[in-house]
């Protein structure tokens, strides 16, 4: 599984949209310092996605996420590939028996297919949206993540990079 976190906040992501001439669309914008974080781990072989929304990115929240993923897959041995964030250091984490961590090389987010899931989520579910509260944002994020979790084919099409699949099958 590949793992990553993403920050979602009450910041409007304005993008182009189509409308009939001569109408000009009006999009609200907002910049607020309220954030929440989505954690995700994905199996590149079948597109199975596990997500969790947590208030911070730190060792305690990472521990909660690892425990949750291990509990969702109790009969599987999981090698979780992740970046080198400080809260990912295995020395500060108690790893479940069925889970091992494998760090990516430093400064290489382009090697992590979960980054593309975040792009997909932001593009399809968060553009031209303003949320009245952090709770409203989290509700929308939860619905969007659940939709992705239930669409294994779509997730697989985003994360099943040939070089990863080839390396796993050899």
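Only one of the numbered conditions (1) modelled with pLDDT under 90; (2) surrounded by 14 or more Cβ atoms within 10 Å (Cβ to Cβ) is not met by residue 6, and that is (1).
Restricting attention to the range 90-122, the residues that are touching a residue at least 12 places away in the same chain (Cβ under 8 Å) and touching a strand residue (DSSP E or B) at 6+ places or on another chain (Cβ under 9 Å) add up to 19. Suppose the filter is in a loop (DSSP other than H, G, I, E, B), within 22 Å of residue 137 (Cβ to Cβ) and modelled with pLDDT under 95; does residue 33 pass it? Answer is no for this residue.
The values are calculated or read from the model by the stated rules, or taken from the named source; none is laboratory data. What you see is a predicted model, and the numbers here were worked out from it, not measured in a lab. So basically every Cβ, Gly included, is an ideal-geometry build from the backbone, and we count neighbours across all protein chains shown.
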